[in-house]
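> Structure provided below as structure tokens; questions to follow.
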Amino acid sequence: MEPRDAGRIARGLEPLHSMTYFAPETEQYLTQAGLKPGRMSYFAGRSAPMGAVGAAVVAAAFYNFNPALVARSIPAAWALASPADVVAARFASVDAALRRMLGDEVLASPEVAEAAGLARRAAEAARPEGRPLGAAHLSVEWPNEPHLVLWHALSILREHRGDGHIALLIDAGLSGIEAIVSHVASGKGFLRAFAQASRGWSEDEWAAAAAGLTERGLLDGDGALTEQGADLRKRLEVDTDRLGFGPWAHLGAEGAARLGELGGGVVRALLAAGCFPSEVFPARR
């Protein structure tokens, strides 16, 4: 198996992790744990495995969010709910969301149990060095139910992969906002309106970042990637696959392909259930 094959499988399975950021159950359960409604559920929910860290740490680990936006929720969240309670509430919200969208019969199926076992094998092989979010999620106690094991394992793999991606963005000289602007320009990330609003960047800040990328020759006058910009984004993805390859190499080509097959069926069911709002991603071709 080549790193690009593992990267393709990882990207294909990512919706099973990221659906939690759009499911209404997330805010429902995390506010029941004590958090305030709104963005606090995202910032506290995702960072809780790291403990009661400050806003600067969360902004650094998440990378492309406006630090001022993070600071509206962190560290205030930890005075309302402990990280341990937030982690527990997050698992409960994932359980409720998956049951609503997939049904109990699917979640209790042998296919989900098999996928969970494969994903856990891969996740437990993830090396934590230099991977703060990946290491934090790896340190969380494993749940018992197979569908939650599957979600948690894919969350570990996603954060492990993301930590490596951030290292590459730093090496490429892309700030957090420049990273999201260039990703949107690639047509493979979020739609601009959602990306800009969800990451907390003003119109002037977005325009200034785009101007800087244009000056570097990465964007053209219309805000599209130049050939140089497209080459950079492609190289970043290739190298992200390479840095994230370890857990998948441990699983092996056969195991990775089987996980992609089994997990792909779950992802398709989630997409059919409308796990992502239409305004988030470009229309699938």
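The values are calculated or read from the model by the stated rules, or taken from the named source; none is laboratory data. Keep in mind that this is a model prediction, so the values were computed, not measured. Here the Cβ is made from the backbone with ideal geometry for all residues, glycine too, and neighbour counts use every protein chain on show. Calculation scope for accessible area: heavy atoms of the full protein, side chains included, ligands and nucleic acids excluded. Shrake-Rupley method; radii C 1.70, N 1.55, O 1.52, S 1.80 Å.
> Quick test of the membrane-span-like rule: which DSSP H helices of the chain reach at least 27 Å along their long axis (C-alpha atoms) with mean Kyte hydropathy at least 0.0?
Working: long enough: 83-102 (28 Å, 0.64); 146-171 (38 Å, 0.30); 246-272 (31 Å, 0.51).
What comes out of the filter, once short or polar helices are dropped, is 83-102, 146-171, 246-272.
> Ok, one more. For segment 1-155, what class follows from the C-alpha gyration tensor (a ≥ b ≥ c being the square roots of its eigenvalues): rounded when a/c is under 1.5, otherwise prolate if a/b is larger than b/c, else oblate?
oblate
> Continuing with the same structure: Taking square-rooted eigenvalues a ≥ b ≥ c of the alpha carbon gyration tensor, is the chain rounded, prolate or oblate, where a/c under 1.5 means rounded and, failing that, a/b exceeding b/c means prolate?
Working: a/c = 1.60, a/b = 1.21, b/c = 1.32.
Oblate.
> Mind grabbing the base-10 log of I(q)/I(0) for segment 217-285 at q = 0.11, 0.13, 0.29 Å⁻¹? Debye formula, identical points on the C-alpha positions, no solvent, two decimal places.
Evaluating at q = 0.11, 0.13, 0.29 Å⁻¹ gives log10 I(q)/I(0) of -0.50, -0.68, -1.09.
> Moving to a separate point now. Would any residue of segment 161-198 have its amide N under 13 Å from a label point 7 Å out along Cα→Cβ of Ala224? List them or say none.
The answer is 185-187.
> As an exercise, identify the trypsin sites (Lys or Arg not before Pro) in segment 164-220 lying in DSSP coil whose Cβ has no more than 16 other Cβ atoms within 10 Å.
Lys188, Arg216
> Run the numbers on the chain and let me know its relative contact order in percent, using alpha-carbon pairs under 8 Å that are six or more apart. All intermediate terms of the calculation are to be shown ahead of the outcome.
Numbers: 369 pairs, mean separation 77.4, N = 285.
Relative contact order here is 27 percent.
> Counting other Cβ atoms within 10 Å, keep those with at most 16, restrict to DSSP loop, and tell me which GluC sites (Glu not before Pro) in segment 139-207 are left.
Answer by residue number: Glu141.
> How high is the FRET efficiency from Ala56 to Glu254, r the C-beta distance, R0 35 Å, rounded to 0.05?
Efficiency for this residue pair is about 0.20.
> Would you list Phe276, Phe43 from the most to the least accessible area, probe 1.4 Å?
Phe276, Phe43
> Further, regarding this structure: If I model a spin label at Ser175 and Glu111 as a point 7 Å from the Cα along the Cα→Cβ vector, what separation in nanometres do I get?
It is 4.6 nm.
> Here is a further query. Give the shape of segment 117-174 as rounded, prolate or oblate, defined through the alpha-carbon gyration tensor: a ≥ b ≥ c are the square roots of its eigenvalues, a/c under 1.5 means rounded, and otherwise the shape is prolate if a/b is larger than b/c and oblate if not. Intermediate results must be reported in sequence, preceding the final value.
Working: a/c = 2.85, a/b = 2.51, b/c = 1.14.
Note, shape of segment 117-174 comes out prolate.
> Mind putting a number on the dipole of segment 88-171 about its Cα centre? Charges go on the C-beta only, +1 for Lys and Arg and -1 for Asp and Glu, and I need it in Debye to the nearest 20.
Dipole size: approximately 160 debye.
> Also, quick follow-up: If N is the number of residues in segment 155-245, what value comes out of its Cα radius of gyration divided by 2.2 N^0.38 Å? Provide the component values of the computation, followed by the final result.
Details: Rg = 13.0 Å, N = 91, 2.2 N^0.38 = 12.2 Å.
Against the empirical 2.2 N^0.38 Å value, I get 1.06 for segment 155-245.
> Hey, any idea what the orientation-averaged projected area of the convex hull of segment 7-88's Cα atoms comes to, in nm²?
Average of the hull's projected areas for segment 7-88 equals 5.5 nm².
> Mind checking the full-extension length gain between Val140 and Arg72? Use 0.36 nm per residue of separation minus the Cα-Cα distance, one decimal, nm.
21.9 nm
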